[in-house]
1. Roughly how many nanometres apart are two label points built 7 Å out from the Cα toward the Cβ at Ser102 and Thr2?
2. Rolling a 1.4 angstrom probe over the protein heavy atoms, how many square angstrom per residue are accessible across the chain?
3. For region 11-93, what is the convex hull volume of the alpha-carbon atoms per residue, in Å³?
4. What value, in deg cm²/dmol to 500, does the helix sum -39500 (n - 2.57) over DSSP H runs of n ≥ 4 give at 222 nm once divided by the residues of the chain?
5. Taking 41 Å as R0, compute the FRET efficiency from the Cβ-Cβ separation of Gln17 and Val148 and round it to 0.05.
6. Considering only protein heavy atoms and a 1.4 Å probe, what is the carbon-and-sulfur percentage of the accessible area of region 91-146?
7. Need one number: % antiparallel among DSSP beta bridges in the chain, to the nearest 5.
8. How large is the Kirkwood hydrodynamic radius of the chain, counting all unique pairs of alpha carbons, in Å?
Amino acid sequence: MTDYTWTVRVERVGENQAKAYSRNHAFVVGEQASFQESDPQPSAVEYLLGALGGDLVRGFQVQAARRRVAVDALELMLSGRLNNPLTHLGVVGEAGHPGLESIRGTLYVTADADPSALEEMWQAALDRSPLFNTLRRCAAVSVELRVVT
């Protein structure tokens, strides 16, 4: 398994849409990065943040299951900020780049364990997360744990 590769096929399916196919799944991607209040589909940036969130929430759940900790509630809020959104829009004379500059978030958890055990599980989830460990090498990523009682 050390050289396992994931493959996704993506095709244009509409004027402002692409469709990604992965194994037996498919999902529609809207704009690259949208600044609108609402859109028919999530943007590529939102999918990236959602994928990171799914990775971290599932990672925490795995750690909790390994330690037989009952998790009552688990929710992650993430936000991402581009270095300079105007470069994505093609504004002449703008400096910087259109990539993510930072990702910040908070994992809210209610569970049957003391806060130090939950922090250990959270750190293990971060240490084992493929997406967190990829993104933190190219953007400032800060995701904290908040225990809710």
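The values are calculated or read from the model by the stated rules, or taken from the named source; none is laboratory data. Everything numeric in this text was worked out from a predicted model, so none of it was measured. We place every Cβ from the backbone using ideal geometry, glycine too, and count neighbours over all the protein chains shown. Surface accessibility is based on the protein's heavy atoms, side chains included, excluding ligands, DNA and RNA. Shrake-Rupley method; radii C 1.70, N 1.55, O 1.52, S 1.80 Å.
1. With each label point 7 Å from Cα toward Cβ, the separation is 3.9 nm.
2. Ligands and nucleic acids excluded, the figure is 67 Å² per residue.
3. Considering the Cα atoms of region 11-93, their hull volume per residue is 148 Å³.
4. Roughly -9500 deg cm²/dmol at 222 nm, from the helical runs in the chain.
5. Details: r = 38 Å, r/R0 = 0.92.
After rounding to 0.05, the efficiency reads 0.60.
6. Working: 1600 of 3170 Å².
Ligands and nucleic acids excluded, carbon and sulfur give 50 percent.
7. On the way: 21 of 29 bridges.
Beta bridges within the chain, antiparallel portion: roughly 70 percent.
8. One over the average 1/r among Cα pairs gives 17.4 Å for the chain.
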